């Protein structure tokens, strides 16, 4: 019976999430500060990748300008904090809302004219570049100097500053869990089916009663909102932001590469991709540290290989195996 | 007032006039065949009705309401659904999920939408394939999937664009039975089909197009003996000679 099958799948999935979550919950006890930092980066990039995944993976709209949302999040919370002393926790959500509004604006402009593929990617890139140039030239945002978050002696929960990495770790873990649940709901509710239908065949989706402009724009709004939360986390973890770090293409590329490597349009794809890249790049850095930029070439090679051999990412590889096994039985 | 009324419809692409002054009226419960040589404008008429693009001029009145200017999803919500000549399945979704997307048009609750979809899968004979990816289906199965997905939106008028092309005789027979069954459920059908034997067998009325113009309309017998239709398909006397 398909119904039972469904319930079993739902149950299995929740069990997966709980198991993975528990593993991550316990991990810090076993790790040194260095490995904890690596782990935080893995989770942080999984979070960003997942945010991109909502639009790029589920709805199939390839954004190359997600750093726009990232920067809006980072700058909003940081500016609110240093200018008028609003706690970054609150600033985080104000940034998220601003990014969501920006997402709605970009979505309405681009999707209304049915921009797709490279054209959509270029438009989003243009937006992120615009914001980068504004941040670079505006006195208010600190120009090229950027913003240094003033440190508080001893750290402060209220000001989103911690001395120990474990608190950061649990913060990002909780954020990641939230976005997992959002993505999980995509796999099981109308909204997610609609996004996937738009990704697969836009014209057919329209003729089945799906308001394409609306659903794409909502996807961009959600995606932008979460990306901005990641921006604030970055600012509070690194205590420093500048226009190139936040609005530059690097952040966008990290989100895309890790998601594609793990499997776009899947819940755990960004986590898998992020883990592989982070571990590999740490190893490469320690082995090839003196040759600067070599790990970037390594990135490129991984991406090319993945595109050629596993266009559906690592999750696609796992799923393909499972399907074949089922058929064998 | 007819169920669907198309008046003086025009559509051109650049210098090419694809649909020229077409006027058609369809009653509830009919099966109307739409025939014509390649490039006659059949699919363009489908695209105009379903809101893929707007006509240059003319009106399309569905159940007393002018639907010109509506976008595809609005037309679908009004109760007009279609299949595509070049099939457009959601490849990376399962068969069940494909239908479910259509079912959400009228049914908001997922559980109900799933039950409805399963019934529909039974109806078109894809029940055993429900958990397969759409990309793994055969051509005949993909055609059934398109049909089921369009039906899932619960249309009053269904536009079928060559659902039988590429099917073997047995599959064609099944498809004909399916179409008659759909019609018995009270759904009006507008069918594009190249195979004359099929279109003659299923249609109440046939409309023949040539170079974007309506050249004939009538019962299957009238159409098959209509001099203009014969000319359009076989060429004029001069060309034959």
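Computed from the coordinates by the stated procedures, all read-outs in this text should not be read as laboratory data. Please read all numbers here as calculations on a predicted model, not as lab measurements. Positions of Cβ are backbone-derived with ideal geometry, glycine not excepted, and every protein chain shown enters the neighbour counts.
Sort region A:1-158 into rounded, prolate or oblate with this rule: let a ≥ b ≥ c be the square roots of the eigenvalues of the Cα gyration tensor; rounded if a/c is under 1.5, and if a/c is not under 1.5, prolate when a/b is larger than b/c, oblate otherwise. Each step should come with its number before you reach the end.
Values: a/c = 2.33, a/b = 1.14, b/c = 2.03.
In terms of gyration-tensor shape, oblate.
Give the order of B:213, B:97, B:65 when sorted by the count of other beta carbons within 10 angstrom, beginning with the fewest. Write out the running numbers ahead of the final one.
Details: B:213 17, B:97 22, B:65 9.
By the 10 Å Cβ count, ascending, the order reads B:65, B:213, B:97.
Neighbouring Cβ atoms within 10 Å as the yardstick, rank A:138, A:89 fewest first. Could the numbers behind the result be given before it?
On the way: A:138 11, A:89 16.
Ascending number of Cβ neighbours within 10 Å: A:138, A:89.
Counting other C-beta atoms within 10 Å, which of B:214, B:108, B:129 has the fewest, and how do the rest follow? Show your work: numbers first, answer last.
Values: B:214 22, B:108 10, B:129 19.
Taking fewest neighbouring Cβ atoms as first place, the list is B:108, B:129, B:214.
Over what distance in Å are the Cα centres of region B:79-109 and region A:292-318 separated?
33 Å
Looking at chain B, send over the antiparallel percent of its DSSP beta bridges, to the nearest 5. Kindly include the intermediate steps, with their values, before the conclusion.
On the way: 20 of 36 bridges.
Of those bridges, close to 55 percent are antiparallel.
With springs connecting C-alpha atoms under 10 Å apart, model chain A as a Gaussian network and identify which of A:231, A:209, A:104 has the largest mean-square fluctuation.
A:209
Whole Å is fine, so just give me how far the alpha carbon centre of region A:4-83 lies from that of region A:234-290.
11 Å
How large is the Kirkwood hydrodynamic radius of region B:1-134, in angstrom, based on all distinct alpha carbon pairs?
Working: mean 1/r = 0.0595 Å⁻¹.
Hydrodynamic radius (Kirkwood, Cα only) of region B:1-134 equals 16.8 Å.
Under the classification rounded if a/c is under 1.5, otherwise prolate if a/b is larger than b/c and oblate if not, where does region A:31-328 fall, given a ≥ b ≥ c as square roots of the Cα gyration tensor eigenvalues? If you can, show how the numbers build up before the last one.
Working: a/c = 1.65, a/b = 1.22, b/c = 1.35.
Because a/c hits 1.5 or more and a/b fails to exceed b/c, region A:31-328 counts as oblate.
How high is the relative contact order of region B:40-91, given as a whole-number percent (alpha carbon pairs under 8 Å, six or more residues apart)?
Working: 37 pairs, mean separation 16.3, N = 52.
It comes to 31 percent, rounded to a whole number.
Among A:208, A:122, A:148, which one moves the most in a GNM of chain A with springs linking Cα atoms closer than 10 Å?
A:208
Tell me, what does the Kirkwood hydrodynamic radius of region B:3-70 come to in angstroms if you use every pair of distinct C-alpha atoms? Walk me through the numbers before you get to the answer.
Working: mean 1/r = 0.0812 Å⁻¹.
After inverting the mean inverse Cα-Cα distance, the result is 12.3 Å.
What ranking, highest mean first, results for peptides B:26-32, A:290-296, A:214-220 when packing means the other Cβ atoms within 10 Å averaged over each residue? Walk me through the numbers before you get to the answer.
Numbers: B:26-32: 17.3, A:290-296: 10.9, A:214-220: 23.1.
With the highest mean Cβ count within 10 Å placed first, the list reads A:214-220, B:26-32, A:290-296.
Counting only other chains, what is the mean number of Cβ atoms within 10 angstrom of the Cβ of each residue in peptide B:93-104? Don't skip to the end; give the middle numbers.
On the way: counts 6, 0, 0, 2, 6, 6, 1, 3, 13, 7, 4, 9.
Per residue, the average neighbour count from other chains is 5.
Over chain A, calculate the relative contact order: mean separation of alpha carbon pairs under 8 Å at least 6 apart, over the residue count, as a percent.
Numbers: 475 pairs, mean separation 99.9, N = 329.
Taking the mean separation of contacting Cα pairs over the length of chain A, I get 30 percent.
Compute the Cα gyration tensor for region B:129-180, then decide on rounded, prolate or oblate, letting a ≥ b ≥ c be the square roots of its eigenvalues: rounded whenever a/c is under 1.5, prolate when a/b is larger than b/c in the other cases, and oblate in all that remain.
Because a/c hits 1.5 or more and a/b fails to exceed b/c, region B:129-180 counts as oblate.
For chain B, set up a GNM with springs between Cα atoms under 10 Å and report which of B:34, B:147, B:93 has the largest fluctuation.
B:93
Determine Rg/Rh for the protein assembly as shown; Rg is computed over alpha-carbon atoms and Rh is the Kirkwood hydrodynamic estimate from the same atoms.
Numbers: Rg = 28.3 Å, Rh = 26.5 Å.
Ratio of gyration radius to Kirkwood radius: 1.07.
Relative contact order for chain B: what is it in percent, counting Cα pairs under 8 Å that are at least 6 residues apart? Intermediate results must be reported in sequence, preceding the final value.
On the way: 456 pairs, mean separation 62.3, N = 241.
So the answer I get is 26 percent.
Based on the mean of other Cβ atoms within 10 Å per residue, sort peptides A:40-46, B:192-198 so the most packed one is first. Numbers along the way, then the final one.
Working: A:40-46: 23.9, B:192-198: 17.1.
The peptides rank, most packed first, as A:40-46, B:192-198.
Order of B:40-47, A:17-24 by packing, highest average Cβ count within 10 Å first? Display every interim value, and only then the final one.
On the way: B:40-47: 23.8, A:17-24: 13.1.
In decreasing order of mean packing, B:40-47, A:17-24 become B:40-47, A:17-24.
For all pairs of alpha-carbon atoms in region A:80-120, what percent lies in each bin of width 5 Å, listed from the first bin to the last filled one?
All Cα pairs, binned at 5 Å, distribute as 6, 21, 17, 14, 11, 10, 9, 10, 2 percent.
Mean residue ellipticity at 222 nm from the helices of chain A, using -39,500 (n - 2.57) per DSSP H segment of n ≥ 4 over the full residue count, to the nearest 500 deg cm²/dmol? Working shown, then result.
Numbers: 14 runs with 246 residues, N = 329.
About -25000 deg cm²/dmol.
Evaluate Rg over Rh across region B:118-210, taking Cα atoms for both radii and Kirkwood's formula for Rh. Walk me through the numbers on the way to the answer.
Working: Rg = 13.3 Å, Rh = 13.9 Å.
Value, to two decimals: 0.96.
Counting only other chains, and only Cβ atoms inside 10 Å, what mean value do you get across the residues of B:163-175? Could you put the intermediate results ahead of the total?
Values: counts 0, 0, 0, 0, 0, 0, 0, 0, 0, 0, 0, 0, 0.
Mean shielding count: 0.
Per-residue mean of other chain beta-carbon atoms within 10 angstrom of the beta-carbon, peptide B:79-92?
Details: counts 0, 1, 3, 3, 2, 4, 0, 0, 2, 7, 3, 10, 2, 7.
Partner Cβ neighbours, averaged per residue: 3.
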